[in-house]
1. Whether any residue in region 83-96 is within 15 Å of the chain's Cα centre (by Cα), part of a loop (DSSP other than H, G, I, E, B) and among the aliphatic types (A, V, I, L, M) is what I want to check.
2. If I ask for residues that are of a type outside the set (Lys, Arg), part of a loop (DSSP other than H, G, I, E, B) and either within 20 Å of residue 93 (Cβ to Cβ) or within 16 Å of the chain's Cα centre (by Cα) (or both), which ones from region 59-68 would you list?
3. Give me a count of the residues in region 4-62 that are in contact with a helix residue (DSSP H, G or I) (Cβ under 9 Å, 6 or more places away or on another chain), free of Cβ contacts under 8 Å to residues at least 24 places away in the same chain and of a type in the set (S, T, N, Q).
4. Name the single residue that is surrounded by the most Cβ atoms within 10 Å (Cβ to Cβ) among those in region 90-121 being in contact with a Ser or Thr (Cβ under 9 Å, 6 or more places away or on another chain) and aliphatic (A, V, I, L, M).
5. Applying the selection to region 9-27, what residues are in a loop (DSSP other than H, G, I, E, B), small (Gly, Ala, Ser) and surrounded by 13 or more Cβ atoms within 10 Å (Cβ to Cβ)?
6. Scanning region 50-79 for residues that are crowded, with 16+ Cβ neighbours inside 10 Å and at pLDDT below 95, which turns out nearest to residue 127 (Cα to Cα)?
7. Scanning region 28-58 for residues that are among the small types (Gly, Ala, Ser) and assigned to a loop (DSSP other than H, G, I, E, B), which turns out nearest to residue 81 (Cα to Cα)?
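The values are calculated or read from the model by the stated rules, or taken from the named source; none is laboratory data. If you're wondering where the values come from, they're calculated on a predicted model, not measured in any experiment. Neighbour counts run over all protein chains shown; Cβ positions are idealised from the backbone, glycine included.
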Amino acid sequence: MPRDMHYYEPANGHGLRHDPFNAIVAPRPIGWISSMSAAGHLNLAPFSFFNAFNYVPPIVGFATVGPKDTLANVRETKEFCWNLATRPLAEAMNATSASVAREVDEFALSGLTPQPSSVVTVPHVAEAPVVFECRMTQIVQLKTATGADVPTWVTFGEVVAVHIERSLISEGVYQTAAAQPIMRAGGRGDYFELRPEGYFEMIRPR
């Protein structure tokens, strides 16, 4: 029996109450990015399109849909920090998603502490249990299949320094679930929390 499938072509609409794309490619790690303008204005914002792309050197990337302040800041300073969004920090992280003027400091807006970084000049979230200090390597504007520009830019950065709360390391192994990371799903405000009971091991075939 063939499966009963809902089919659509994105250019013609999805025909559902909410666009399912974000809910299907989910949950996604959150790019909670701190940046600073050349004039010294701090910015802290979450991005739902974020991931890791390389081991050596470690490279992460996040997408900004539209010309966001974060994109402008990284273009100016060539630096940013990624801060791990966790369940205890979820409400503060959500507060940093507010649309405010470029001069507004989201650290102050959310009650978070800007911590001086070790290698880059951009501060990171002191309350975050894991932080990547990054130097920008590329900013790539996306294109459609026909070659037309899309108003979305992916910023890639090399991780040049890492901060990990020691309580999250057991016998030399980082305990992913212990940090209670949260991830973005679909809908207007759907998130998931990673919990230890979701863990399973599967070794790759040789």
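1. yes
2. Across region 59-68, the qualifying residue is only 66.
3. 0
4. The extreme case among them is 93.
5. Of everything in region 9-27, just one residue is in a loop (DSSP other than H, G, I, E, B), small (Gly, Ala, Ser) and surrounded by 13 or more Cβ atoms within 10 Å (Cβ to Cβ), namely 26.
6. That would be 69.
7. Step one: of region 28-58, the residues among the small types (Gly, Ala, Ser) are 31, 34-35, 37-40, 45, 48, 52.
Next cut, assigned to a loop (DSSP other than H, G, I, E, B) only: 37-40, 48.
Working: 37: 13, 38: 15, 39: 17, 40: 15, 48: 15 Å.
Result: 37.
This table checks each residue for (1) farther than 22 Å from residue 28 by Cβ; (2) acidic (Asp, Glu); (3) free of Cβ contacts under 8 Å to residues at least 12 places away in the same chain.
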residue	(1), (2), (3)
65	no, no, no
70	no, no, no
73	yes, no, no
76	yes, yes, no
82	no, no, no
90	no, no, no
93	no, no, no
99	no, no, yes
